[in-house]
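For reference, the structure discussed in these notes is given below.
The values are calculated or read from the model by the stated rules, or taken from the named source; none is laboratory data. A quick note: this is a predicted structure, and the numbers were derived from the prediction, not measured. Counting neighbours? That spans all protein chains shown, and the Cβs are built from the backbone with ideal geometry, glycine included. These area figures cover heavy atoms from the full protein model, side chains too; ligands, DNA and RNA do not enter into them. Shrake-Rupley method; radii C 1.70, N 1.55, O 1.52, S 1.80 Å.
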Amino acid sequence: MVHRPDTLEHAPLGRDSAYPEQYDAGLLYPIPRAANRAPLGIEENALPFVGEDEWHAFEVSWLNGRGKPVVAVARFRLPASSPHLIESKSWKLYLNSLNQTRFASQTKVEETLVRDLSSAAGASVSVELLGVDDSELAPQRLPGECLDDLDIEVSDYTPSAAHLTTGDEVVEETLHSHLLKSNCPVTGQPDWGSVLIRYKGPKLDREGLLRYLIGYRQHQDFHEHCVEHIFTDVMQQAKPEELLVLARYVRRGGLDISPWRATPGLTPPSLLRLARQ
């Protein structure tokens, strides 16, 4: 049996939930970030990073004023400083509650989404509604050098910061891997993803970094907290001057999640979506 954290006691995740037949903002289930940050030594009033959780929703629909269906792809951005993240199953149920709801305009839909999501997150959430053929949704490739062809032996499938070692050379580089896998903290289902690390500081041993990232393979946590775990470990072990950690997780249930955390002043590549998202 998979352990259900106390913060998820009443969450719909992992349960058989009927899809709502009418709009209901109460379906959204906020989860305090503090509970998972505390074990990493992250204090809510002194975050060591800036960042966002970027979501794409591919199953967004509503009715126009005449009852005709409208479909869209939604992009949401939650600030990392928000006191809550939003549990994904509840988010999916909430979005589906719009399916038979009439709105006078797309602007009204956006206003509704901003109001409800911001209330749940406890901070301002940005919302964009894109056409299903919008060029912004075209897949791209991660920048930097890929670590995945390194011929390494792996026997440890839990995160170990001991793998993160550095040399004396100071570098500025961007590395990425598509071998990231973590597991849902409630259902245990696999969450596949890619991770990008951009830093300036003592050069990371690449084989050790890849072993470290592979170590999340049996780790159970939310996408957002996996990224914060990686950020915290790299900062503590390598002590870079600058650091950006970005994960782009594969779509599940019509939603993909792409959290990023960075030292102030760094921002991720813009409008970056991968083919398997």
Just checking, does region 184-195 include any residue being in contact with a His (Cβ under 8 Å, 6 or more places away or on another chain) and open to solvent by 40 Å² or more (accessible area, probe 1.4 Å)?
no
List the pairs whose first member sits in region 194-223 and is closer than 12 Å to Gly167 by Cβ and part of a loop (DSSP other than H, G, I, E, B), whose second member is open to solvent by 10 Å² or more (accessible area, probe 1.4 Å) and not small (Gly, Ala, Ser), and whose Cβ atoms are under 7 Å apart, counting only residues at least 6 apart or on separate chains?
Asp205/Thr165; Asp205/Thr166
When the residues of region 161-183 are filtered to those that are open to solvent by 60 Å² or more (accessible area, probe 1.4 Å) and acidic (Asp, Glu), which remaining residue is nearest to the chain's Cα centre (by Cα)?
Glu172
Go through region 234-260 residue by residue and tally those that are polar (S, T, N, Q) and in a strand (DSSP E or B).
1
Any residue that is among the aliphatic types (A, V, I, L, M), touching a Gly at 6+ places or on another chain (Cβ under 9 Å), on the phi < 0 side of the Ramachandran plot and touching a residue at least 40 places away in the same chain (Cβ under 8 Å) - is there at least one of those in region 86-93?
no
Subset of region 98-131, residues within 11 Å of Ser61 (Cα to Cα) and within 22 Å of the chain's Cα centre (by Cα), comes to Leu129
Let me spell it out: the conditions are (1) open to solvent by 10 Å² or more (accessible area, probe 1.4 Å); (2) in contact with a Ser or Thr (Cβ under 7 Å, 6 or more places away or on another chain), and Arg252 meets all of them except one. Which number is the exception?
(2)
Specify the residue that is most open to solvent (accessible area, probe 1.4 Å); the eligible residues are those in region 211-234 that are closer than 20 Å to Leu255 by Cβ and of a type in the set (A, V, I, L, M, F, W, C).
Phe222
Taking Val245 as the residue in question, decide whether it is under 17 Å from Ile42 (Cβ atoms), open to solvent by less than 10 Å² (accessible area, probe 1.4 Å), of a type in the set (A, V, I, L, M, F, W, C) and without any contact (Cβ under 8 Å) to a residue 60 or more places away in the chain.
yes
Residues (in contact (Cβ under 8 Å) with a residue 40 or more places away in the chain, part of a strand (DSSP E or B) and in contact with a helix residue (DSSP H, G or I) (Cβ under 7 Å, 6 or more places away or on another chain)) located in region 180-192:
Leu180, Ser182, Asp191
Being touching a Pro at 6+ places or on another chain (Cβ under 6 Å) and closer than 23 Å to His56 by Cα, is that true of even one residue in region 197-210?
no
Across region 196-209, what is the total count of residues that are open to solvent by 10 Å² or more (accessible area, probe 1.4 Å) and among the hydrophobic types (A, V, I, L, M, F, W, C)?
0
